[in-house]
1. Between R104 and R199, what is the spin-label point distance in nm, taking each point 7 Å from the Cα along the Cα→C-beta axis?
2. In square nanometres, what is one fourth of the surface area of the convex hull spanned by the alpha carbons of the chain?
3. Suppose a student asked you for the relative contact order of segment 149-235, using Cα pairs under 8 Å spaced at least 6 residues apart; what percent would you report?
4. Relative contact order, percent, of segment 39-136 when contacts are C-alpha pairs under 8 Å separated by at least 6 residues?
5. Normalised by the number of residues in the chain, what is the relative contact order in percent for Cα pairs under 8 Å and 6+ residues apart?
6. Give me the percent of accessible area attributable to carbon and sulfur for segment 1-109, probe 1.4 angstrom.
7. I want to verify the translational diffusion coefficient of segment 120-159 in µm²/s; compute it with Stokes-Einstein, Rh as the Kirkwood radius over Cα pairs, at 25 °C and 0.890 mPa s.
8. Please identify every one of the trypsin sites (Lys or Arg not before Pro) in segment 108-214 that sits in a loop by DSSP and has no more than 15 other beta carbons within 10 Å of its own beta carbon.
Amino acid sequence: MSDSCRLPDFSEAQAAEIAHSLFAIDGSIRTLDGERDLNFLLDGPAGRFVLKIANADEDPAMLECQHRAFERIAAAGVFTRVATPQTSIHGRDIELLTSESGDRHACRVLPFIEGRILAEVGEPSAELLDDLGRNLARLDLALAGFAHAALERPLLWKMDRALQTVDAFKPLITDRARQALVEQFVESFRERFVARQARLRRGVIHNDANRNNVLLDNDARRVVSLIDFGDMVESWLVVEPAIAATYAMLEQRDPLALAASLLGGYHTLLPLGDEEIEVIPEVIAMRLCMSVSIGAHQLTLEPDNEYLRIDIEPGWELLGELHRLGRNRLRDAMFDACGR
């Protein structure tokens, strides 16, 4: 994804016609939430599917990259449910569309994966977050050695460019106290993470295990799948569990305990080194700084998009809580979780 994002402009009626004419799928249709892409749920005789129309800046090569990753994930048995793209009537996984405004969009159809999203669980158990950590470790192990040219695209949510992203959008944060809080965390990131980054392991990661991308069984006891691989990237491995921990901590009474459970599960299957554990507080704080900064930017582009507001205010609350706790308490909790 480029730093701009031209959202698709297709109605539900148009989407239904696309599904019928290109993928031979019929049924009722409704729009689903999406940050950058247009998603439609199709429910018909053949089952439930999601028609995904990518934003105009999305390179179809990145979608092809996701499909190749799905194949590896399925072969490794990481999740009990994996999205396998449906082939169009032309024998392709990805079709190209032209909107009424003349923009070109890639589209595809994936099976709708049944399950509850983590966001529906008010207070997840330690066991559930341990399971999420283990699943993320299995995912990263399955993607070890995976490479694709499309992974080199520019991406706002890539931790490698976190400092540039926050610097670019921080001026859009109108509250001076909040700006100052972000600046403090940015300085800590520069001081502690940047000094160690060359010694941290790298690999291909999902990069966005937020509460709306984690699918659970109906009893909310086990993770069954992870959705939305649009932010998949080659980065530092420790970023994977740290990002998931960041979102798991939002709006929770005991955020440190939940983060520790997730990290402990990940560490069980993909052990983290001392330097990786050491920088987890900085990665968590920087992900939050990215979230509130990018959120401020996106809201200037789409002030009426309520989906964008989901994690912004909770993100500010958690940044304040981390500031009150101090990074050493989070650091110590992470080391304890990993048995160090």
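The values are calculated or read from the model by the stated rules, or taken from the named source; none is laboratory data. In this text, all values refer to a predicted model and were calculated from it rather than measured experimentally. Neighbour counts are summed over all protein chains in view; Cβ atoms, including those assigned to glycine, are modelled from backbone coordinates with ideal geometry. Calculation scope for accessible area: heavy atoms of the full protein, side chains included, ligands and nucleic acids excluded. Shrake-Rupley method; radii C 1.70, N 1.55, O 1.52, S 1.80 Å.
1. 4.7
2. Numbers: hull surface 66.1 nm².
If you wrap the Cα atoms of the chain in a convex hull and average its projections, you get 16.5 nm².
3. Once normalised by length, the contact order is 35 percent.
4. Values: 109 pairs, mean separation 28.9, N = 98.
For segment 39-136, the relative contact order is 30 percent.
5. Working: 581 pairs, mean separation 61.0, N = 340.
That works out to 18 percent.
6. 48
7. Values: Rh = 12.9 Å.
The calculation lands on 190 µm²/s.
8. Passing both the DSSP loop test and the Cβ count: R196, R201.
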